[in-house]
Amino acid sequence: MRFSQRIFCGQLTPEDIDRPVVLAGWVDAFRDHGGLLFIHLRDRSGILQIVFNPKVVSAEVCRQAATLGAEYCIMVGGQVARRLAGTENPNLETGAIEVLVTELEVLAPAAAPPFAISEKAMVAGAPSAGAGPVDEDLRLQYRYLDLRRPAMQERLAMRHRIFQCVRQFLDSRGFLEIETPMLTASTPEGARDYLVPSRVHPGSFYALPQSPQLFKQLLMVGGLERYFQLARCFRDEDLRPNRQPEFTQLDIEASFIDEEFLYELVEELAVRMFAVGGQTLPRPFPRMTHAEAMETTGSDRPDLRFDLRFVDVTDVFPGTGYSIFRQILQRGGVIKGFNVKGQSAHLSKNVLQNEYAKEIAPSFGAKGMTWMRAENGRLESNIVQFFSPRELEELHRRFAVADGDVLVLIADPSRATVLSALGQLRLHMAARLGLIPPGRLCPVWITEFPLFEAAEEGGVTSSHHPFTAPDRTDFDPGNIEELLSLKSRAYDLVVNGEELGGGSIRINRPDVQRRIFAALGLTEKDIQERFGFFLRAFEYGAPPHGGLALGMDRTAAMILQTASIREVIAFPKNRSAACPLTGAPSTVKREQLAELGLLNLGGAETLPGVARQEDRLDRLSWVSRIGMTAEERPGLAAVLNEADQLAEQAARHAGPEDPVYSAVPVTNRTRPGTEARRSPFAESGQLLNNAPAVKGSYYKVASILE
Ligand code: ASP
């Protein structure tokens, strides 16, 4: 048997009957039928039954086969045969055939796996194999075994197909796939950075990218025009379900485009990606402004698979007889609600009052909740007696009330509280009452986000990131109120209440970008330090551009309808951002920390790396990568001091306009028009008098071995 003869289990069909074959894979399950041994052989393509029949195969091979266990890695040779009538297995694609084995080679035995991997029953009608749900951390600890499960393999194969679909489509639209650095400087996306200490620059750190934002914009300045990347991004955020500290984004940027270009592009792309999973996304995607989403659903990622839209009834109740509403309105409050159509049979007074009003609504931050049920053409509840006929009539009209409906109202002095509590109630009731139609997909673009949000510590922060274009540029960066009223040219793609991604048209004028930084409270020094390189790039004719990023783990999980994004990632972190397989994050040896300049080994006040940079001799030794003994230090210190004095003397004698002498002929590009003068000492050859070795006009030094 040779690997070159091997064919895949899932490839065989009844047309292959009588064909001699070589198969390789893992023992999925086995069944001993009094001398006849049946094995499910599994490879990536599927499962095939193989049979060890003493009438066909030698006693020696039969004996060896009897020692096989689950997950042994084996290779077999034999002949394809039709299964006996009545023994076909409808659980398997290959269930009509089997292979009668004549040769067996055990490639690698397996220890008993910590959980069942087999998913397919061996006989028709039997409950599916596999030992029920397995603890997720155990699955992640033995992920390589978990990955052997056909369901996991299928998900990763589908993820691959979705990624291929992205690549093909964007290529067809002229986008180039370009990689950007992983070891980089901080890119602000609102999370903390993962830092990587630099050994060769002690005390300095790289940041892993929160996104390729700055680089993709620089690619646009670089004239690449259309870029994409399936980029790994890293964000150190608080733990939340369905978040991973590292995740994959489809990152896109294009020049000379507007919002409409991106909407068309991403809609077409999303439709194609969902089609890979057999799902149809309805086009065109509707659009909703951020304000409308907040006012009608209480969320900037509204789930539009069901209605329960909010209606504002603040203006219905001025001077109302219901004192709670009256007091709230006197404090400038808001009253909003939604109609749960035809659900009064499922929302009893008891549930509404004792569960929702007393427990659930307060848990969502509301002080209370008002409810009414429509029966016999009238609204009923424990408080309707306080409402005037006009108020009740107006409620009827605004909510288009019919018998069987339930009205839910929240009133609060704070609009934000009303929106947030009602938004959570909306989702809670939809889920509880089964109002979410299965299989429905409701994409929506959310537009016109506020550019800034009020920061907790005063001032403003960017709602998206600071590179997003504002809707107008004539703002005063010092006027907080005006800043908070600005809208951005940002957009989010939301599907079924989940944000799949977002982006914006960017600022391409450095003066506007500077004013945004100033509005964010960055001083000129901060701006220079953090974004100087970026702003400089924008001095060189940056094209108008924009883009977006889609969370690919989330998108794949939605397309494949998995319970968590961890199901579509080969090696995810668990819910506490740890990897049960490798034990990461883990401690490291003190020596390693010391080497990175992160450990105060000598008890000095500062980190050793910083100290090394501050001491001139250490720095010299470090920069030149030449070790220095304690005895050599005083001599070198003296030489350095002498050099200092000479430099000072030279500086005193040289006027600012004096041309700098050069040892070899050079042109000074930074000072056009100035003549580069060669030093007279260089001209006469005197400059190199003391050189141990020279080549032409150059002083030869020993090369430094890395
Ligand atoms: N960099 C943004 C993000 O990661 C996406 C974009 O603006 O293109 O959310």
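The values are calculated or read from the model by the stated rules, or taken from the named source; none is laboratory data. Bear in mind that the values here come from a model prediction, so they are computed numbers and not experimental data. Heads up, the Cβs are rebuilt from the backbone with ideal geometry, glycines too, and the neighbour counts pull from every protein chain shown.
Residue pairs whose Cβ atoms lie under 6 Å apart, sitting 6 or more positions apart in sequence or on different chains, and linking a residue in the range 490-504 that is closer than 9 Å to Pro443 by Cα and at pLDDT 95 or above to a partner that is of a type in the set (D, E, K, R) and more than 7 Å from the ligand (Cβ to nearest atom), are Val494/Arg301; Asn496/Asp303; Asn496/Arg305; Gly497/Arg301; Gly497/Asp303. Within the range 358-396, the only residue that satisfies the criterion of being under 16 Å from Lys336 (Cβ atoms) and of a type in the set (Lys, Arg) is Lys367.
With the condition being closer than 15 Å to Cys442 by Cα and among the charged types (D, E, K, R), I'd like the helices (runs of 4 or more DSSP H) fully within the range 227-340 carrying at least 1 qualifying residues.
Values: elements: 259-276, 290-297, 323-330.
Qualifying helices (runs of 4 or more DSSP H): 259-276.
Do we have any residue at all in the range 150-157 that's surrounded by 19 or more Cβ atoms within 10 Å (Cβ to Cβ) and either within 15 Å of the ligand (Cβ to nearest atom) or part of a loop (DSSP other than H, G, I, E, B) (or both)? No, the range 150-157 has no match at all.
As a summary of the residue check, Ala70 satisfies the conditions (1) under 16 Å from Arg149 (Cα atoms); (2) not in a loop (DSSP other than H, G, I, E, B) except for the one numbered (2). The residue pairs whose first member lies in the range 547-560 and is away from the ligand (no atom under 13 Å from the Cβ), whose second member is part of a strand (DSSP E or B) and of a type outside the set (Gly, Ala, Ser), and whose beta carbons are closer than 6 Å, counting only pairs six or more residues apart or on different chains, are Asp553/Phe247; Asp553/Thr248; Thr555/Leu500.
Filter the range 94-127 for residues that are assigned to a strand (DSSP E or B) and in contact (Cβ under 8 Å) with a residue 40 or more places away in the chain and give the result.
The initial filter retains those residues of the range 94-127 that are assigned to a strand (DSSP E or B), namely 97-108.
Scanning the range 94-127 gives Ile97, Glu98, Val99, Leu100, Val101, Thr102, Glu103, Leu104, Glu105, Val106, Leu107.
Scan the range 559-603 for residues that are part of a loop (DSSP other than H, G, I, E, B) and closer than 29 Å to Pro202 by Cβ and the total you get is 19.
Mind listing just one residue for me: the one in the range 205-218 that is polar (S, T, N, Q) and either assigned to a helix (DSSP H, G or I) or without any contact (Cβ under 8 Å) to a residue 24 or more places away in the chain (or both) and, of those, nearest to the ligand (Cβ to nearest atom)? Per the stated criteria, the residue is Gln213. Looking at Leu441, is it in contact with a helix residue (DSSP H, G or I) (Cβ under 9 Å, 6 or more places away or on another chain) and under 19 Å from Phe338 (Cβ atoms)? The answer is no for Leu441.
For every residue, the table says whether it meets (1) over 30 Å from Leu522 (Cα atoms); (2) surrounded by fewer than 20 Cβ atoms within 10 Å (Cβ to Cβ).
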site	(1), (2)
Ser420	yes, yes
Leu425	yes, no
His428	yes, yes
Arg432	yes, yes
Pro437	yes, yes
Val444	yes, no
Leu451	no, no
Ala455	no, yes
Gly459	no, yes
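Considering only residues in the range 454-486 that are within 16 Å of the ligand (Cβ to nearest atom) and part of a strand (DSSP E or B), the one that is nearest to Tyr263 (Cα to Cα) turns out to be Thr468. Give the residue, chosen from Arg566, Arg536, Arg530, Arg575, that is modelled with pLDDT of 95 or more and either within 16 Å of the ligand (Cβ to nearest atom) or more than 14 Å from the chain's Cα centre (by Cα) (or both). Answer to the selection: Arg536. Just one of the listed residues (Pro302, Pro286, Pro318) is modelled with pLDDT of 95 or more and surrounded by fewer than 17 Cβ atoms within 10 Å (Cβ to Cβ), and it is Pro286.
Taken over the range 397-413, the residue count meeting the criterion of being more than 19 Å from Gly319 (Cα to Cα) and either buried (at least 23 other Cβ atoms within 10 Å of the Cβ) or not charged (D, E, K, R) (or both) is 8. Counting the residues of the range 222-243 that are crowded, with 19+ Cβ neighbours inside 10 Å and away from the ligand (no atom under 14 Å from the Cβ) gives 0.
Could you give every pair whose Cβ atoms fall below 7 Å, whose first residue belongs to the range 248-272 and is in contact (Cβ under 8 Å) with a residue 60 or more places away in the chain, and whose second residue is within 14 Å of the ligand (Cβ to nearest atom) and of a type in the set (Val, Ile, Thr), counting only separations of at least 6 or pairs across chains? What qualifies is Asp258/Ile505; Glu259/Ile505. Taking the criterion of being in a strand (DSSP E or B) and either within 13 Å of the ligand (Cβ to nearest atom) or farther than 14 Å from Lys487 by Cα (or both), the residues of the range 444-453 that qualify are Val444, Trp445.
Checked against (1) farther than 24 Å from Gln327 by Cα; (2) charged (D, E, K, R); (3) surrounded by fewer than 21 Cβ atoms within 10 Å (Cβ to Cβ); (4) more than 16 Å from the ligand (Cβ to nearest atom), Glu394 passes all but a single condition, namely (1).
Sort out which residues of the range 341-374 are assigned to a helix (DSSP H, G or I), among the basic types (Lys, Arg) and within 21 Å of Leu395 (Cα to Cα), and write them in order of number.
We begin by selecting, within the range 341-374, every residue assigned to a helix (DSSP H, G or I); these are 344-346, 349-363.
Adding the requirement that they be among the basic types (Lys, Arg) leaves 349, 358.
Passing the criteria: only Lys349.
Lys367 meets each of the listed conditions (1) touching a strand residue (DSSP E or B) at 6+ places or on another chain (Cβ under 8 Å); (2) at pLDDT 95 or above apart from (2).
Could you tell me whether the range 406-425 includes any residue that is out of contact with any Lys or Arg (no Cβ under 6 Å at 6 or more places or on another chain), within 30 Å of Glu260 (Cβ to Cβ) and modelled with pLDDT of 95 or more? Yes, because at least one residue in the range 406-425 is out of contact with any Lys or Arg (no Cβ under 6 Å at 6 or more places or on another chain), within 30 Å of Glu260 (Cβ to Cβ) and modelled with pLDDT of 95 or more. Filtering the range 519-529 to residues that are in contact (Cβ under 8 Å) with a residue 40 or more places away in the chain and surrounded by 16 or more Cβ atoms within 10 Å (Cβ to Cβ) leaves Ala519, Leu520.
Quickly run through the range 25-65 and pick out the residues that are assigned to a strand (DSSP E or B) and without any contact (Cβ under 8 Å) to a residue 24 or more places away in the chain.
Those that are assigned to a strand (DSSP E or B) and without any contact (Cβ under 8 Å) to a residue 24 or more places away in the chain: His33, Leu36.
For the range 491-509, residues that are within 11 Å of the ligand (Cβ to nearest atom) and either among the small types (Gly, Ala, Ser) or in a loop (DSSP other than H, G, I, E, B) (or both) total 4.
Once the range 379-416 is narrowed to residues that are among the charged types (D, E, K, R) and touching a residue at least 12 places away in the same chain (Cβ under 8 Å), the residue that is farthest from Phe310 (Cα to Cα) is Asp403. Inside the range 510-527, residues that are in a helix (DSSP H, G or I) and more than 16 Å from the ligand (Cβ to nearest atom) make up a count of 12.
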